[in-house]
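Visitor: Structure in C-alpha cells, see below.
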Amino acid sequence: MKIAVVGTGYVGLVTAAIFSKFGNQVTGIDIDKKKIKGLKEGKVPFYEPRLKNLVEKGLGKNTLSFVASYKKGIPGRKVVFICVGTPAKENGDYDLSYVFDSVKSVARNLDDYTVICIKSTVPPTTKEKIKKIVEKSTEIDFDLSSCPEFLKEGSAVEDALHPHRVVIGVESRRAEVLLLKLHQPIKAPRVICDIKSAQTIKYAANAFLATKISFINSIARICDKVGADIDKVSLGLGLDPRIGGKFLQAGLGYGGSCFPKDTWALIAFAKRLGYNFKFLKQVDEVNKQQIDYFIDKIVKLCGGLVKNKTLTVLGLSFKPHTDDMREARSIPLIRRLKQKGVKIKAYDPQAMENAKKILKGIHFCKNSYEALKGSSALILVTEWPEFKKINFKKVADLMKEKIVVDGRNFLNAERLKKLGFVYRGIGR
Ligand code: NAD
C-alpha cells in the first residue's frame, strides 16, 4: 500500500520504518529540510536501537523514501499518518498547532480518497477541529481516523513491531478495512472503536502509568521512614496479577516526552470540560516533589553542606537507551543542585550532545571514571546498563568521599557497602 507519514521524529520515523519493512511504499514527510536530507542518506537524527538498520534497509529496497514537500509526498497515498509533536505550552496546556498545520498541508494536496490517521497524542475532541480544517481545504473525499502510538523510546522498534494492542479509531467501514489491512502483519489484539475513545485510551494509558510511578514513590517515602525495603514491597505487590509488576520501581519519578506533558494535557483538557481532575494533579505533584526529596537525601548524606562540593551525576537522558533529554529528571535536579553551589561533573553514554545544549556550567566528562575522580558523591539518575559494570574498587580510590545516592535503586547496594561506600536509594 502507498502511504505517507507526516513528521519523522521518534514516532513518525519508527512508523515509517516498520510499515516499509512490511513491504508498503512509505514516504516520510517533514518540514525540517536538514533532517530529510540526512534521512535520505540513512542518517537517523537521534539514538534509537535497531532504527538505523531498518531505515537503511527500507532505503535500499526502495520501500522507504523521504521528502520535505507535501506536494510530492501526499498525492496517491491511501493512508496518511500524522505523527507531528504535540508539546506542552509553558502553562502545561497542549499545543496542537503542529497537528493543525500539518493536516492543512495534507488536505491541500489530496488527489483522491485518503484516510488521514492521527497518531500524535491529542485530546479526544480534536477530531472535530481537524475535520473542519480538512473540509475547508479540499473537496476530495476523506476519512479521519486515529491509531494512537504506545511505543517506548529505547525499545521503539520492538514495541512498534510487537505492540500489546493496536487501537484503531474510525468512523467508517471503508477506513476500518484499509487500516486493518495495513496492520495485518502486526500480531496483537485489535481495539476497534470510535476516534474519541481511541484518543481517550492513549491519555488514560499514560495517566495510569504515571499514577503507578507516583504511587510507588509515595510508598517509598513510607519505606524510608520505617526502614522497609521498597524493592521487596514492589515485588510483593507486583506478583498480584491485578496489580502487575511493571512501573512499580521507585525512583526519581517520570520524565520524557510523554508522561509529563500528557498528564498536564489531560488535566487541562478535563478543566475545559468542567472537571477538576484533582487525582491526576496529585500524581503530578508527587512527581515534582520527588526531585526535592532526592536532593534532601543528597544534602543529608553530604553532612548537611553541599556548597562548593563536587558531585557526579551519572545518566542524563530521561531514561536509558535514548539520547532524548525532553523533561529529563537530570535537568531540574542539576539546576537545583547548582543553585545550592554544587559543582557538577556529569556523564551519559548517549545524551551528552543534547544535554550540552540544555545544561550550562557543568563539567561534562568522557566516561564514568573521569566523572567520579575527586567527587564527593555519585548521584545515579539514569539506569544505563554500563553503570552496573563500573569497577567500584577502582572508583573507591578515585572519589574524595565514598557516597552513592541511587535515584533508580539500580546499583548493587550490598556490594557497595562492602567496599565501604555509604549507599542510599529511594525507599531502600
Ligand atoms: P518529535 O518531536 O520527535 O517529532 C515531531 C516531528 O514532526 C519533527 O521531526 C518535526 O520537524 C515534525 N513536524 C512538525 N511540524 C510539522 C509539519 N507541519 N509538517 C511536517 N512535519 C512536521 O515528536 P515524537 O516524540 O515523535 O512525538 C510525536 C507525537 O507522538 C506526539 O504527539 C507524542 O505525544 C506522541 N507519542 C510520542 C511517543 C514517544 O515516545 N516519543 C510515544 C507515543 C506517542
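We did not get these values from a lab; they are worked out from the coordinates using the rules stated. In this text, all values refer to a predicted model and were calculated from it rather than measured experimentally. All Cβ positions, even for glycine, are placed from backbone atoms using ideal geometry, and neighbour counts span all protein chains on display.
Visitor: Work out how much length LYS394 to LYS232 would gain on full extension: take 0.36 nm times their residue separation and subtract the Cα-Cα distance, in nm to one decimal.
Guide: Length gained, LYS394 through LYS232: 55.3 nm.
Visitor: Still on this structure: Can you give me the angle between helix 195-226 and the longest principal axis of the chain, using Cα atoms only, in degrees from 0 to 90, rounded to the nearest 10?
Guide: Approximately 10 degrees, to the nearest ten.
Visitor: Same structure, new question: In what order do GLU149, GLU327, GLU353 fall by count of nearby beta-carbon atoms within 10 Å, going from fewest to most?
Guide: Ordered from fewest to most neighbouring Cβ atoms within 10 Å, GLU149, GLU327, GLU353 come out as GLU353, GLU327, GLU149.
Visitor: For LYS402, give me every one of the aspartates and glutamates with a C-alpha distance below 16 angstrom, ignoring sequence neighbours fewer than eight places off in its own chain.
Guide: By straight Cα distance, LYS402 reaches GLU370, GLU414.
Visitor: A further question on this structure: Express the Stokes-Einstein translational diffusion coefficient of the chain in µm² s⁻¹, to the nearest whole number, given a Kirkwood radius over alpha-carbon pairs, 4 °C and a viscosity of 1.567 mPa s.
Guide: The diffusion coefficient I find is 56 µm²/s.
Visitor: Now for a different question. What angle, in degrees between 0 and 90 and rounded to the nearest 10, separates the Cα long axis of helix 51-60 from the longest principal axis of the Cα atoms of the chain?
Guide: The two axes meet at around 30 degrees.
Visitor: Further question: Give the lysines reachable from LYS356 as a straight Cα distance under 19 Å; neighbours fewer than 8 places away on the same chain don't count.
Guide: LYS319, LYS338, LYS343, LYS345, LYS366
Visitor: Taking the Cα of ARG272, stepping 7 Å toward and past its beta carbon, and measuring to each backbone N in the range 83-103: which are under 18 Å?
Guide: 84-103
Visitor: Provide the FRET efficiency to the nearest 0.05 for the ARG335-ALA204 pair, computing r from the beta carbons and using R0 = 22 Å.
Guide: With a Förster radius of 22 Å, E is 0.10.
Visitor: Please compute the length gained on full extension between ARG415 and SER155, using 0.36 nm multiplied by the number of residues separating them and subtracting their Cα-Cα distance.
Guide: Net length gain for the segment: 90.6 nm.
Visitor: Let me ask something additional. Which of the aspartates and glutamates could be linked to LYS71 by a straight reach, that is with a Cα gap under 19 Å, when you skip same-chain ones fewer than 8 residues away?
Guide: Candidates past the 8-residue exclusion: ASP30, ASP32, ASP101, ASP111, ASP112, GLU135, GLU139, ASP141.
Visitor: Below 8 Å, C-alpha to C-alpha, sequence gap of six or more: please give me the relative contact order for the chain in percent.
Guide: This gives 12 percent for the chain.
Visitor: Quote to one decimal, in nm, the extra length available between ASN308 and PHE279 on full extension: 0.36 nm per residue of separation minus the C-alpha distance between them.
Guide: 6.5 nm
Visitor: Largest first, please: the extent of the C-alpha atoms of the range 170-303 along each principal axis, to the nearest Å.
Guide: Each principal axis gives a Cα extent; for the range 170-303 these are 67, 36, 24 Å.
Visitor: Okay, moving on. Along the charge dipole of the chain, pointing to its positive end and built from +1/-1 on Cβ of Lys, Arg, Asp and Glu, which listed residue (TYR275, LEU209, ILE230) has its Cα farthest out?
Guide: Positive-end residue among those listed: ILE230.
Visitor: Given the -39500 (n - 2.57) contribution per DSSP H run of 4+ residues, what per-residue ellipticity at 222 nm results for the chain, rounded to the nearest 500 deg cm²/dmol?
Guide: -13500 deg cm²/dmol
Visitor: Within the range 174-263, how many Lys pairs that are eight or more residues apart, or on different chains, come under 25 Å at the alpha-carbon?
Guide: 17
Visitor: What do you get for the angle between helix 173-182 and the principal long axis of the chain? Use alpha-carbon atoms, 0 to 90 degrees, nearest ten.
Guide: Result, in degrees: 60.
Visitor: While we're here: Taking the mean number of other Cβ atoms within 10 Å as a proxy for protection, how do you rank 8-17, 32-41, 278-287 from highest to lowest?
Guide: 8-17, 278-287, 32-41
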